[in-house]
Amino acid sequence: MNKLHIFGDSFSTNFSTINEIPKEISWPILLSNKLDYELKSYASAGISNFGILNTIYNNFDFDKNDIVIIGITFYDRLYDFWKNVGIDLRNNRPICFGKSYNW
């Protein structure tokens, strides 16, 4: 079966600016159902662009007919691989990646 690979931050999940929406009506689920593709979501709330690229690198297993969608995040998010935490430069605080959206 063909796969739909989603990489990105919380906007590539079932997150909205108001609240968390039911997973069944999130755009990745709706799109994978519409295309009849198996969903492989690697999106993670609070992740940096470098973290997204690292996730792509670690999960680079795409077939010819797969679809890959990459959602970029805010420029001021950094990732400290030694401490396994994100850094929010805007608010000068760490971001914990406790919630991962792997469906």
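The values are calculated or read from the model by the stated rules, or taken from the named source; none is laboratory data. Just so it is clear, the structure is predicted and the values come from calculations on it, not from any experiment. Cβ: placed from backbone, ideal geometry, glycine included. Neighbour counts: every protein chain shown.
Observations, loosely collected:
- Residue selected from the stretch 72-84 under the condition of a type in the set (A, V, I, L, M, F, W, C) and surrounded by fewer than 15 Cβ atoms within 10 Å (Cβ to Cβ), by the criterion modelled with the highest pLDDT: Ile72
- Test: Ile69 is closer than 21 Å to Asn14 by Cα, in a strand (DSSP E or B), of a type outside the set (Phe, Trp, Tyr) and modelled with pLDDT of 85 or more: yes
- Breaking point among (1) of a type outside the set (D, E, K, R); (2) modelled with pLDDT under 90; (3) touching a Phe, Trp or Tyr at 6+ places or on another chain (Cβ under 6 Å); (4) not in a helix (DSSP H, G or I), for Leu4: (2)
- Selection within the stretch 7-43 - part of a strand (DSSP E or B), surrounded by 15 or more Cβ atoms within 10 Å (Cβ to Cβ) and out of contact with any helix residue (DSSP H, G or I) (no Cβ under 7 Å at 6 or more places or on another chain): Phe15, Lys40
- Pair list, Cβ < 6 Å and 6+ apart or interchain, from the stretch 38-64 residues that are farther than 23 Å from Tyr75 by Cα and modelled with pLDDT of 90 or more to residues that are loosely packed, with under 12 Cβ neighbours inside 10 Å and not hydroxyl-bearing (Ser, Thr, Tyr): Glu38/Met1
- Filtering the stretch 44-64 to residues that are surrounded by fewer than 20 Cβ atoms within 10 Å (Cβ to Cβ) and of a type in the set (Ser, Thr, Tyr) leaves Thr55, Tyr57.
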